[in-house]
Structure formats: structure tokens, C-alpha cells
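As C-alpha cells, the structure follows; a few thoughts come after it.
The values are calculated or read from the model by the stated rules, or taken from the named source; none is laboratory data. Note that the structure is predicted; figures quoted are calculated from it, not measured. Virtual Cβ from ideal backbone geometry, glycine too; neighbours counted across all protein chains shown. Protein only, heavy atoms only, side chains kept; ligands, DNA and RNA dropped before computing areas. Shrake-Rupley method; radii C 1.70, N 1.55, O 1.52, S 1.80 Å.
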Amino acid sequence: TPSLDVSGLAYAYPDGTQALYGVNVTIGKGERVALLGPNGAGKTTLVLHLNGILHGGLGTVRVGGLTVDPKDRKTLREIRRRVGIVFQDPDDQLFMPTVREDVAFGPANLGIRGDELDRRVEHALSRVGMLDVAGRPPQHLSFGQRRRVAVATVLAMEPEILVLDEPSSNLDPAGRRELAEILRDLDVTMLMVTHDLPYAAELCPRSLILSGGVIAADGPTPGLLADE
Ligand code: ADP
Ligand code: ADP
């Protein structure tokens, strides 16, 4: 079974704006895929379907063997655990008094306690190089550090698929480079929404181009970028 299988996904917002028109995407376990496309193409709308935040259109979204069905709360909870989304603004994801508590929040919410919780927090923070700031308030960190902590909050859930919305945005060159190295070393299926073509080329062997609510291209990143 693929990690992610989106089939015939069509969606209109309540005001009637048709954002997606029959999107088909299959992503295998361990693949790293960039999701490219102009503003308004439907990238955010597609991402918000991957864990059932948005639903109610046509088509199906499957994660592993599970199908998103808003009426099946138990399956939806499991899908939300499997699909970790790092949003563009880290400050949407960090709201606890310390970095450690922010990273513990998700797994604690899943019922994980004690040594296992400590292990998850330490592992996630060490993967993003932020273990040494675990006791500090997130607001005292730089933007680049907050973005890395936001990645750790999602990694601590041990997702099968890591979805990143514009991970390199607002980073200085050093922060951009550091994050690329961190992401390169993660062993997880990855879908990265980005306008940063060098980032896509470096980190994602495959790219999708979404345009006007349809997949306009899907293939090896170097070839797609050469055709742009
Ligand atoms: P991005 O390209 O970063 O996804 P967008 O400009 O597409 O940003 O949208 C930013 C936010 O504004 C989105 O989360 C979306 O829900 C909202 N939005 C975009 N277009 C509309 C619209 N026509 N009506 C209402 N909300 C919208
Ligand atoms: P992208 O992330 O690629 O910029 P979006 O998924 O945000 O694109 O938007 C796709 C289309 O849906 C755009 O036409 C946008 O204006 C519209 N849209 C996004 N959010 C909303 C919303 N909350 N209500 C109505 N239309 C929206």
C-alpha cells in the first residue's frame, strides 16, 4: 500500500470557489515529493485534505490502508497521527511556556507518558538540533529556531508522512541551509509545498505541479524544473 493515495479529489469552498478539480496523487513509502504551483493553485486546499481538516468534496484520500471519512472519528484520529503537517508560521504551532512542553504536547495528547514521552521529546529535538534549548520559552528563540522546533513538535508524533508548508520561507541563508540538512537526514515520507525551486531540487527527487486545481505535471524534479 502507498503511504498516500488521493483519487479524484474535487473540492469547492462554501462560497462556491472551486479549488480542486479531480486531483490524483499516489506517494510511496519513503518518497520525497515537492508540491509546486502558483498562488491560488490549490496547494493549501490539497494539504488540508490529507488529514481531514477539509472534507466534503468528491473523491477519496487514503493514508496507508485507511480512508479519510469524517464520520469515522476513530480512523480520522489515526490518520491525523500518521500525517504530520508543519504549517508555514511556526507561531501557529508553539504556544506552551517551554520548547520541551510544546514538543511533548502532541504525544501526551495521544496518551503517551513517562519515559516514552521523554524519549520522543529528546529524539525529536535532537533530530532538529534543538535539544539544548528544551527549557527555554519558544518566543525567546530566533525565527529559524522556532521553525525547527515546530518541525520537532510534528516529529514527536512519529508521523508516517511529514507535510511541510513552505519550510524555507523567511529563513536567512544559514537557517535555510541548516534546515535543508535536517530534512535531508529524516527517514520519513515527505510532501513539501514550496516556491523555493532550489530547495525542491535538493530535497525532493519527485515534484508535482498543481495549477488551477489540477495536477499539471508529475515527475522527476530536474526534468520538471527544466521545462518550467
Ligand atoms: P498560500 O498561497 O500561502 O496558501 P493563499 O493566498 O492561498 O496563501 O491563502 C491564504 C489563506 O487565505 C488561506 O488559508 C485561505 O484559506 C484563505 N483564502 C484564500 N483565498 C480565499 C478566498 N477567496 N476566500 C476566503 N478565504 C481565502
Ligand atoms: P494555494 O495554496 O496554491 O495558494 P489555495 O488552496 O489556498 O491555493 O487556494 C485555492 C483556491 O481556493 C483559490 O482560488 C483561493 O482563492 C480559494 N480559497 C482558498 N481558501 C478559501 C476559502 N476559505 N474560501 C473560499 N475560497 C478559498
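Note on segment 78-227: the C-alpha convex hull projects to 9.4 nm² when averaged across all orientations.
Counted residue by residue at 0.36 nm each, then reduced by the alpha carbon distance between them, the extension gain from Leu131 to Asn24 reaches 34.6 nm. Count Lys and Arg as plus one, Asp and Glu as minus one, and take only other residues whose Cβ is under 15 Å from that of His55; the net charge is then +3. Axis angle, to the nearest 10 degrees, between helix 99-109 and the longest C-alpha principal axis of the chain: 60 degrees. Computed packing ranks the peptides 86-92, 189-195, 149-155 as 149-155, 189-195, 86-92, most packed first, by mean other Cβ atoms within 10 Å.
Report summary: the helix-based calculation at 222 nm, which adds -39500 (n - 2.57) for every DSSP H run with n ≥ 4 and divides by the residues of the chain, gives -10500 deg cm²/dmol. Between segment 116-156 and segment 1-36, the alpha-carbon centres lie 30 Å apart.
Highest mean packing comes first when the peptides 138-147, 158-167 are listed by Cβ atoms within 10 Å, giving 158-167, 138-147. Heavy atoms of the protein chains alone define the surface here; on that basis the chain has 46 Å² accessible area per residue at 1.4 Å probe size. Using equal-weight Cα scatterers in the Debye expression, the normalised intensity of segment 19-159 in log10 at q = 0.11, 0.15, 0.19 Å⁻¹ is -0.47, -0.84, -1.17. Three principal axis extents of segment 61-144 based on alpha-carbon atoms, in descending order, are 40, 31, 20 Å.
Considering only the Cα atoms of segment 8-84, their convex hull presents on average a projected area of 5.4 nm².
Split the accessible area of the chain by element, probe 1.4 Å, and carbon with sulfur accounts for 51%. The C-alpha atoms of the chain define a longest principal axis, and helix 143-155 lies at about 80 degrees to it. State the antiparallel share, in %, of DSSP beta bridges confined to the chain, rounding to the nearest 5. About 55 percent, rounded to the nearest 5.
Here the Karplus curve 6.51 cos²θ - 1.76 cosθ + 1.60, taken at θ = phi - 60°, turns the phi angles of segment 4-19 into couplings of 9, 9, 10, 9, x, 6, 10, 8, 10, 5, x, 7, x, 5, 7, 9 Hz, with x standing for Gly and Pro.
Among residues other than Asp69 whose Cβ falls under 15 Å from its Cβ, what is the net charge (Lys/Arg +1, Asp/Glu -1)? In short, +4.
Highest-first packing order for the peptide set 173-180, 11-18, 65-72 is 173-180, 65-72, 11-18, based on the mean count of other beta carbon atoms within 10 Å. The Ala216 and His140 beta-carbon pair, evaluated with R₀ = 41 Å, returns a calculated FRET efficiency of approximately 0.45.
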